[in-house]
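Student: Take this structure first; my questions come after.
Derivation of every value follows stated rules applied to the coordinates shown; laboratory data play no part. None of the values given here were measured: they were computed from a predicted structure. Here the Cβ positions follow ideal geometry from the backbone for every residue, glycine too, while neighbour counts run over all protein chains shown.
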C-alpha cells in the first residue's frame, strides 16, 4: 500500500489523501482518521455502466466529532471541486455505495488495509444527479428499500447455529476469512469443523465452539452469553441448524410409532422445534441483544440475521410435509420482519437453496435414491455461503446470468440459489424454482418415495 500526502479538494483543514492499490482513495485526517472515500468509475462485471454514488468533481467528506467513538454515526459533508464551503446534508446509513459488487468489495479491502474501525459513509443517492463540479445541497432523499446498505463483517462477531457441518460450516469459514469472529454452535462438530476452529486459535480473528441444543431456550440464551463474554457483542446471527424430515421426526411416522422419536405425549414435533421454533426464538433473542448493546443497533450501526430456508419454501410435496411447513414458515417469518432494516437497522434475510451437497443428502441413502446425481445437479455449500455473506454486506448481488440486472438485497429478501443462478423470490406471482430450468431445484425419482408414503396409508396407520 502506498500512502502519500497531497492537497485534498476540500475546505476542511488538515486533510491528507491516501491511495491504495485497489483503485479507491481515502481522505485521511492529520491523525490518520478516515474521513471519506472517493471512488473511481468503471463498468460492472456484466458490462453495464456502474452507478457509483460519487460523481466526478464531487467529494464526499465525513467528519468524526472528537468525542465520538469509531462505531458511532459520522456526519457527512459535501463540497464541490471549486472548494465551496461544506454543508451538512444528513446522517446516512452504513455503506451505501451503489457500484458493482466487485467494486464494493474493493472498497472494503481499501478500508481494511487502512486499518480503521470505521465503516464507509457516502452522501446519498441524489449525488447521482449532480453535474461535474456541481455543489451539494439539502435536496437529498433517503435510501429506498432497494438501496439499504449492509454492514462490513471485519472485526464483527457472528453466531452460526448448525455450523458443525454443511452450509453453516462454510458460512462460518467465509466469515472467518473475511475477518469476523465466529461462535460455532452445534451439538457436535465434524472433524473438518474442528480443524477450522483450531486454525483460528492463534490468529487475531477467533473461532470458538459452544455446544448447544438449539431446541433448548436456556441453551440458546447461554449461547448469546458465551458470545458476549468472548467477544463483547454480537453483530451477525445465522440460525442455520435444521434437519430434512428424518424418519424419527416425520409426518408419515407419527409420534409413538416405532420409527418416531417424537413423544406422543409431549405435544411437539422435533423437526418443527429445530427448523421453525429455533430460528424464531434465536431471532427474538438476537433483536433483544442488539437493542441492549453498547452502542445499540440503529440504521447507523446495523446488524444482520440470515436464515436458511429452501426451495421447499416455494413448493409443496406429499413426501416431506413437515419440512415444507417449516421452510414456508421461515420464509414468511423473514418477510414479516423486513421493515426492521428501515426502522431499526436490523436486516433479516433468507436464502432458498436447492439441493445442496451436504451430509443431509450424502449420508442418507433414502434421500439419495431420489436423485439422478448426474442430471439433477447440486448447489455447493460454498455457493450458498457466498450469497449469505452478500445478505450481510451488500445492497445487491449479481444474478450470475448474463444480461440480467443485479438483484437488490434488503430486509425481507429471500434469495433462491440453484446451479448457475440466483433469483429474488417475489412475495406474489412467484413462478417457482422450476421455471428457470436451472438444475438442483428438483429430484428425478420422487415417485419412489411417493409410492412408499402411499403404501403406509392402511387401516391402523397413526394409531398409537
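Student: Mind sorting 281, 289 by how few other Cβ atoms lie within 10 Å of their own Cβ, fewest first?
Tutor: 281, 289
Student: In addition: Apply the Kirkwood formula to the range 157-455: the hydrodynamic radius equals the inverse of the mean of 1/r over all pairs of different alpha-carbon atoms; give it in Å with one decimal. Intermediate values should be presented prior to the final figure.
Tutor: On the way: mean 1/r = 0.0510 Å⁻¹.
This gives a value of 19.6 Å.
Student: Something else now. Suppose R0 equals 45 Å. What FRET efficiency, 1/(1 + (r/R0)^6) with r the Cβ-Cβ distance, do residue 192 and residue 332 give to the nearest 0.05? Could you put the intermediate results ahead of the total?
Tutor: Working: r = 33 Å, r/R0 = 0.74.
The calculated FRET efficiency here is 0.85.
Student: Sticking with this one: Can you tell me the mean projection area, over all orientations, of the convex hull of the range 354-393's alpha carbons? Units nm², please. If you can, show how the numbers build up before the last one.
Tutor: Details: hull surface 12.1 nm².
Orientation-averaged projected area of the Cα hull: 3.0 nm².
Student: Please give the FRET efficiency for residue 218 paired with residue 404, using the beta carbon to beta carbon distance and R0 = 35 Å, rounded to the nearest 0.05.
Tutor: Values: r = 46 Å, r/R0 = 1.32.
Computed FRET efficiency for residue 218 and residue 404: 0.15.
Student: Full-extension gain between residue 343 and residue 266, please, as 0.36 nm times their residue separation minus the C-alpha to C-alpha distance.
Tutor: Numbers: separation 77, 0.36 × 77 = 27.72 nm, distance 3.88 nm.
Additional length available on full extension: 23.8 nm.
Student: Given a Förster radius of 35 Å and the C-beta distance between residue 199 and residue 375 as r, what FRET efficiency does 1/(1 + (r/R0)^6) yield to the nearest 0.05? Mind showing how you got there, number by number?
Tutor: Working: r = 37 Å, r/R0 = 1.05.
Computed FRET efficiency for residue 199 and residue 375: 0.40.
Student: Provide 378, 217 in ascending order of the number of other Cβ atoms located within 10 Å of each residue's Cβ, fewest first.
Tutor: Fewest-to-most Cβ neighbours within 10 Å comes out as 217, 378.
Student: Output the Kirkwood hydrodynamic radius of the range 260-316, Cα pairs only, in Å rounded to one decimal.
Tutor: 14.1 Å
Student: Which value in Å does the Kirkwood hydrodynamic radius of the range 367-464 take, with 1/r averaged over all unlike C-alpha pairs and then inverted?
Tutor: On the way: mean 1/r = 0.0624 Å⁻¹.
The Cα-based Kirkwood calculation yields 16.0 Å.
Student: In whole Å, what are the Cα extents of the range 328-409 along the three principal axes, biggest one first?
Tutor: 47, 33, 18
Student: Arranged by the count of other C-beta atoms within 10 angstrom, fewest first, what order do 320, 428, 184, 209 take? Provide the component values of the computation, followed by the final result.
Tutor: On the way: 320 23, 428 4, 184 26, 209 18.
Lowest count first: 428, 209, 320, 184.
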